[in-house]
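Enquirer: Please see the structure below; I have some questions.
Derivation of every value follows stated rules applied to the coordinates shown; laboratory data play no part. Only a predicted model underlies this, so the values are computations on that prediction, with no experimental measurement involved. Positions of Cβ are generated from backbone atoms using ideal geometry, with glycine treated the same way; all protein chains shown enter the neighbour counts.
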Amino acid sequence: MSVDVKICGISTPKAMDAAVEAGAAFIGLNFYPPSPRAVTPEDAAALAARVPKGVIKTGLLVDAADETIAAILAAAPLDLLQLHGSETPERTAAVKARFGLPVMKVVKLRQAGDLEAAEPYLAVADRLLFDAKPPAEMKEALPGGNALAFDWSILKGRTWPLPWMLAGGLTVENMAEAVATTAAPALDVASGVEDAPGQKNPEKIRVFLTAAKAL
């Protein structure tokens, strides 16, 4: 089956153009300053202006305050807010209500029991994203984009009442196995289309999207 793809952490016009032209369903702009993929609201505005209607402009946020989110949205028109930190269900609902945009909550997985964390968000989020939970010994792990995969069999046979995406260490080489195992309807890739953290390769973006269409 063909799956939708989100290219996350885009920070250059060339990468954005490659993602759009090759058929990304979602593009991700990262607003978490410690990340090598982070952009300012002003940078995001210029990048978002290159995105046609129909491609969902997603803002990655990590435990962001209302003032921070408001400043981002004042500069860059986003379609979806991705909460990638430790936001509670109550905070998730509050962000959705305050800003009037759909919200995608990230749930981080390492073992099957971690799936229980998704349940409280089913009533308040619009989408879920399952990403890898970094090991405790990974001292400088980012909230996401660590090029880590988790045991995809955790999701085998599971269904959710919300649209969802799979993230974590995805590459053009392993995407078919990931989708076959999880039946994920959408994939989120960051490091898998980069030459180095934060350095998107337009050709890798094109190859990833072409391969996803062929699944």
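Enquirer: Would you calculate, for the chain, the mean residue ellipticity at 222 nm contributed by helices, counting each DSSP H stretch of 4 or more residues as -39,500 (n - 2.57) and dividing by all residues, to the nearest 500?
Expert: Working: 6 runs with 59 residues, N = 215.
Taken over the chain, the calculation gives -8000 deg cm²/dmol.
Enquirer: Something else about it: Which FRET efficiency, nearest 0.05, do E173 and A70 yield, Cβ-Cβ r, R0 45 Å?
Expert: Values: r = 41 Å, r/R0 = 0.90.
According to the calculation, E is roughly 0.65.
Enquirer: A further question follows. Taking the mean number of other Cβ atoms within 10 Å as a proxy for protection, how do you rank 155-161, 197-203 from highest to lowest? Don't skip to the answer; put the middle values down first.
Expert: Details: 155-161: 11.9, 197-203: 16.4.
Ranking, from highest mean packing down: 197-203, 155-161.
Enquirer: Find out how many positive minus negative residues lie around A94, taking Lys and Arg as positive, Asp and Glu as negative, among other residues whose Cβ is under 15 Å from that of A94. Show your work: numbers first, answer last.
Expert: Values: positive: R91, K96, R98, K105; negative: D63, D66, E67, E87, E90, D126.
Result for the neighbourhood of A94: -2.
Enquirer: Let's test the formula: R0 of 41 Å, r as the Cβ-Cβ distance of F99 and T159. What FRET efficiency results, to the nearest 0.05?
Expert: On the way: r = 29 Å, r/R0 = 0.70.
Between F99 and T159 the formula returns 0.90.
Enquirer: Please report the net charge: other residues with Cβ closer than 13 Å to the Cβ of D43, K and R +1, D and E -1.
Expert: Details: positive: R37, R50; negative: E42.
For residues surrounding D43, the net value is +1.
Enquirer: How much length is gained if the chain between D63 and K14 is pulled fully straight, taking 0.36 nm per residue apart and subtracting their Cα-Cα distance, in nm to one decimal? Walk me through the intermediate numbers first.
Expert: Numbers: separation 49, 0.36 × 49 = 17.64 nm, distance 2.91 nm.
Between D63 and K14, full extension yields 14.7 nm more.
Enquirer: For the range 163-215 and the range 46-81, compute the distance between their C-alpha centroids and round to whole Å.
Expert: Going from one Cα centre to the other spans 22 Å.
Enquirer: Kirkwood Rh and Cα-based Rg: tell me the resulting Rg over Rh for the range 1-144, rounded to two decimals. Present the calculation step by step, with values, prior to reporting the outcome.
Expert: Values: Rg = 15.0 Å, Rh = 15.7 Å.
With Rg and the Kirkwood Rh in hand, the quotient comes to 0.96.
Enquirer: Cross-link list K53/K133; K96/K204; K108/K204; K14/K156: which exceed 30 angstrom alpha carbon to alpha carbon?
Expert: Numbers: K53/K133 33 Å; K96/K204 33 Å; K108/K204 25 Å; K14/K156 36 Å.
Beyond 30 Å between Cα atoms: K53/K133; K96/K204; K14/K156.
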